[in-house]
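Reading through the structure tokens given below for one structure.
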Amino acid sequence: MTNKTTLFKNVSLSDGTVTNILVSGQVIEYVGKETKDSVEEFDCSGLIAMSGFVDLHTHLREPGFEQSETILTGSKAAAKGGFTCVHPMANTNPVADNSAVVEQVYALGEAAGYVQVQPIGAVTANLGGKNLADLGKMNASAANVTVFSDDGKCVSDSLVMRRALEYVKAFDGVIAQHAQDPLLTVNAQMNESALSLKLGLTGWPSVAEEAIIARDVLLTHEVGSRLHVCHVSTKGSVDVIRWAKSRGINVTAEVTPHHLILTEDLVSEYNPVFKVNPPLRTSEDVQALRQAVADGTIDIIATDHAPHTPDSKDCEWGEAAFGMIGLESAAAIAKTTLIDTGLIDWKRFEELLAINPAKISKLADQGQPIEAGSPANILFFDPSTSYQVDSHGESKSTNNPYLGMRLSGSVVHTIYKGTFTVKNSMIQEIGTHNDI
Amino acid sequence: MKHLLSTGDLDLANSLELLNLSVEMQGVNSRDVKKLPSLTGRTVANLFFEDSTRTRFSFEIAAKRLSADVVNFTAKGSSVSKGESLKDTVLTLEAMGIEALIVRHHHSGAANTIANSYWSNATVINAGDGTHQHPTQALTDALTIRQALKGKEDSGDLSGIKVLIVGDILHSRVARSNIDLLKTLGAYVGLAGPSTLLPSEASSLADAVYHNLDEALLDGFDVVMMLRMQMERMNSVFVPNANEYSTLWGLSSERFSNLKSSTLIMHPGPMNRGLEISSEAADSSQSAIVDQVRNGVSVRMAVLYKLLAQESSAK
């Protein structure tokens, strides 16, 4: 069988080199100045090729909440955003706390065929916070889970957190913590501030995040394990993580696109599309998070893509669900907040969205450099175009905080395992799934 | 002005207009036949998702005195998960041709949500939403203060008047509404309460913040407004216990007797006698607590009249 070959000409790499990329079958066969013969050829002048993005924090809602998203629709949204791998969180129904569920999620991802769906396992059974989930069996399963999180809930019990960190050392796993002291955030609705006081909404104080991170980095140091901090949202959290890294503690941290651009004042009209956990913070926090991305304190950008049905947002603030979608807009938001502001270059951009998350998750076929022999997981990004966000995305849900906004930069092609999932900005029909 | 959601939305002119209209309504309410034909043929709904007797009655009486038809909807604790959603309730009333929704809700911002939604074109009047706002209570309090300190027929603002609000500022929609309106009317506003119930962010809202009631009372306030203390605050560790709260923050007979005799005593009700306020203070000749209730009807008539009779005829 001869492999189909595709040549991408005159494309920039993240280090600024202008080159040609030849993809053959599922691998990158050649990167260089030569014009290789190929079946198909694309002029990519002005486009930037990067290793396919890897999202370490996604909610695909299947099994259990298919009215919001399915593994197929979420995978398509991911491909549209330039991702070739996503990590669905464990808060499904049933919870992904055992090998049967993670294997099913993994298999549905394979069947959909748009991205690698690499499940995250729960830390505790049924996200209950008391007993450990089947951590070892999920790691040994066909899904090969290495990242564990009770996301949506914090592993707040210090002993359970310590044991989890110790336990996953056996297979070099990592605990991804949703840092939120539950007792400091009972019924919390938004950032605690003068605005929350004015609006009469129960505050979610920064210290509820920072205190858990401080405890967790000390526990991680004590037992010599590996900690990943989900969706860092405050200036104080950045300070704690910076301190921990300076002490050599093995901690990594993520920030979401929305925490890099949106601020709490959007809550003023009680529009639940802006209700998210952790909450939108102040512009001072946003600036600190951007700086932390630039100086390496924060390692990755992860979407926390959280689809919800229209009903769960078309209601009073106090009844509304937490979360917003973000897979399709992530790259544009990251560009707007980090590249356009001069804080980082494209090399760092690629690290944040592809290289580093793959390292944290220990993935062999993702986050590899664009060079001969690497798996053909690539996206081509056009930094010069802009587009208006509408509700016709690939996600099944439309709880999109950027609706109506003009975003700068868009994904032109996404290649997953050598196959176009997105070509000329259009999602492609692929995979062995049955469309219903 | 289509809705009344927050006193923060009222400018000085609007505030004075509503207060002066309320004085006119007092005239109506002192007549033998307490009825105006202004809202004949109009239908308003009391939409109460939270227990309330006095506010609901007050709105109902106000609407009836303006000749409106009134329907009452009471649904305690309704939610998406437990039953019909707020959206469906509002859509239902909209379909029945309700022109004004008077909304009391346990969630902050619920009235804003209805007003901003596509669910309804009705005028929305916030009758208390969570711990956010209770604008007609603040208008009532402002009218009561003005008439007590400046005379029944005064039509001006409250500049030069010092008002102290005492207690659980954090959870009080009455406090928020009063702070916004009193500031707009030019009053000097002091807040007093334990730090847990009067967080540091509150200093941006007022002219002075006190964490000691006796110090606050030395500063010569013309009005002392005591807020209701919910017993559940003790359980959620905001204050140690009822006895300590009463001792430190209650308007005891001793504290009351030390006030200048012109000091106006207010409480939005319902009172916990012996906890935040002593009967000596509540029942004294300086107490305006009964006036607050009485004026509530006139103020709500003024609000309904302005939003439904004036604003819609101006269209």
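Entry remark, the range B:101-129: residues being over 29 Å from residue B:167 (Cβ atoms), more than 10 Å from every other protein chain (Cβ to nearest Cβ) and out of contact with any His (no Cβ under 8 Å at 6 or more places or on another chain) number 4 in total.
Of the conditions (1) within 26 Å of residue A:266 (Cβ to Cβ); (2) outside any loop (DSSP other than H, G, I, E, B); (3) free of Cβ contacts under 8 Å to residues at least 12 places away in the same chain, residue B:118 satisfies every one except a single condition; which number is it? Every condition holds for residue B:118 apart from (2). Scoring residue B:203 on the criteria (1) in a helix (DSSP H, G or I); (2) crowded, with 18+ Cβ neighbours inside 10 Å leaves a single failure, condition (2). Any chance the range A:148-167 includes a residue that's among the aromatic types (Phe, Trp, Tyr), more than 19 Å from the chain's Cα centre (by Cα) and either surrounded by fewer than 18 Cβ atoms within 10 Å (Cβ to Cβ) or within 14 Å of chain B (Cβ to nearest Cβ) (or both)? Checked the range A:148-167: no residue is among the aromatic types (Phe, Trp, Tyr), more than 19 Å from the chain's Cα centre (by Cα) and either surrounded by fewer than 18 Cβ atoms within 10 Å (Cβ to Cβ) or within 14 Å of chain B (Cβ to nearest Cβ) (or both). Filtering the range A:168-192 to residues that are within 13 Å of chain B (Cβ to nearest Cβ) and outside any helix (DSSP H, G or I) leaves A:186, A:187, A:188, A:189, A:190, A:191, A:192.
To keep it simple, each residue is scored yes or no on (1) out of contact with any strand residue (DSSP E or B) (no Cβ under 7 Å at 6 or more places or on another chain); (2) more than 14 Å from chain B (Cβ to nearest Cβ); (3) charged (D, E, K, R).
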residue: A:278; (1), (2), (3): no, yes, no
residue: A:285; (1), (2), (3): yes, yes, yes
residue: A:290; (1), (2), (3): yes, yes, yes
residue: A:299; (1), (2), (3): no, yes, yes
residue: A:311; (1), (2), (3): yes, no, yes
residue: A:324; (1), (2), (3): yes, yes, no
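Here residue B:171 meets the list (1) crowded, with 23+ Cβ neighbours inside 10 Å; (2) within 13 Å of chain A (Cβ to nearest Cβ); (3) farther than 25 Å from residue B:17 by Cβ; (4) out of contact with any His (no Cβ under 9 Å at 6 or more places or on another chain) almost entirely, failing just condition (1). Residue count for the range A:197-219 satisfying the condition of being part of a helix (DSSP H, G or I) and buried (at least 24 other Cβ atoms within 10 Å of the Cβ): 5.
Yes or no, residue by residue, for (1) buried (at least 18 other Cβ atoms within 10 Å of the Cβ); (2) acidic (Asp, Glu):
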residue	(1), (2)
B:9	no, yes
B:13	no, no
B:18	yes, no
B:45	yes, no
B:104	yes, no
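Please state which one of B:185, B:205, B:213 is in contact with a Lys or Arg (Cβ under 9 Å, 6 or more places away or on another chain), of a type outside the set (Ser, Thr, Tyr), touching a residue at least 24 places away in the same chain (Cβ under 8 Å) and within 14 Å of another protein chain (Cβ to nearest Cβ). Every option except B:205 fails the conditions.
Restrict the check to the range B:130-140 and report whether at least one residue is of a type in the set (Ser, Thr, Tyr), within 11 Å of chain A (Cβ to nearest Cβ), under 22 Å from the mean Cα position of the chain (by Cα) and under 27 Å from residue B:178 (Cα atoms). Talk me through it step by step, then tell me what you get.
Going through the range B:130-140, the residues of a type in the set (Ser, Thr, Tyr) turn out to be B:131, B:136, B:140.
Next, from what is left, pick out any that are within 11 Å of chain A (Cβ to nearest Cβ): B:131.
Narrowing further to those that are under 22 Å from the mean Cα position of the chain (by Cα): B:131.
Those left that are additionally under 27 Å from residue B:178 (Cα atoms): B:131.
Scanning the range B:130-140 turns up at least one residue that is of a type in the set (Ser, Thr, Tyr), within 11 Å of chain A (Cβ to nearest Cβ), under 22 Å from the mean Cα position of the chain (by Cα) and under 27 Å from residue B:178 (Cα atoms).
Results for (1) surrounded by fewer than 24 Cβ atoms within 10 Å (Cβ to Cβ); (2) modelled with pLDDT under 95; (3) touching a His at 6+ places or on another chain (Cβ under 8 Å); (4) not in a helix (DSSP H, G or I), shown as yes or no for each residue.
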{"site": "A:10", "(1), (2), (3), (4)": "yes, no, no, yes"}
{"site": "A:29", "(1), (2), (3), (4)": "yes, no, no, yes"}
{"site": "A:74", "(1), (2), (3), (4)": "no, no, yes, no"}
{"site": "A:77", "(1), (2), (3), (4)": "no, no, yes, no"}
{"site": "A:101", "(1), (2), (3), (4)": "no, no, no, no"}
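Taking the range B:232-315 as the region of interest, the helices (runs of 4 or more DSSP H) fully inside it that hold 3 or more residues being surrounded by 18 or more Cβ atoms within 10 Å (Cβ to Cβ) are B:242-249, B:289-304. One residue is enough: does the range B:58-69 have a residue meeting the conditions part of a loop (DSSP other than H, G, I, E, B) and either loosely packed, with under 14 Cβ neighbours inside 10 Å or among the hydroxyl-bearing types (Ser, Thr, Tyr) (or both)? Yes: one or more hits. Every condition in (1) closer than 24 Å to residue A:430 by Cβ; (2) crowded, with 24+ Cβ neighbours inside 10 Å is met by residue A:122 except one, and the failing one is (1). Would you check if there is a residue in the range A:325-332 being within 18 Å of the chain's Cα centre (by Cα), modelled with pLDDT of 95 or more, closer than 18 Å to residue A:386 by Cβ and of a type in the set (Asp, Glu)? Yes, the range A:325-332 contains at least one residue that is within 18 Å of the chain's Cα centre (by Cα), modelled with pLDDT of 95 or more, closer than 18 Å to residue A:386 by Cβ and of a type in the set (Asp, Glu).
Whenever a residue of the range A:217-246 is at pLDDT below 95, it has no partner that is surrounded by fewer than 22 Cβ atoms within 10 Å (Cβ to Cβ) lying with C-beta atoms less than 9 angstrom away and at least six residues away or across chains. Only one entry of B:6, B:67, B:85 meets the criterion of being without any contact (Cβ under 8 Å) to a residue 40 or more places away in the chain and in contact with a Pro (Cβ under 7 Å, 6 or more places away or on another chain), and that entry is B:67. Of the helices (runs of 4 or more DSSP H) that lie entirely inside the range A:283-367, those containing 2 or more residues that are out of contact with any helix residue (DSSP H, G or I) (no Cβ under 8 Å at 6 or more places or on another chain) and surrounded by 24 or more Cβ atoms within 10 Å (Cβ to Cβ) span A:356-360.
The values are calculated or read from the model by the stated rules, or taken from the named source; none is laboratory data. This structure is a prediction, so every number in the text was calculated from the model and none was measured. Cβ: placed from backbone, ideal geometry, glycine included. Neighbour counts: every protein chain shown.
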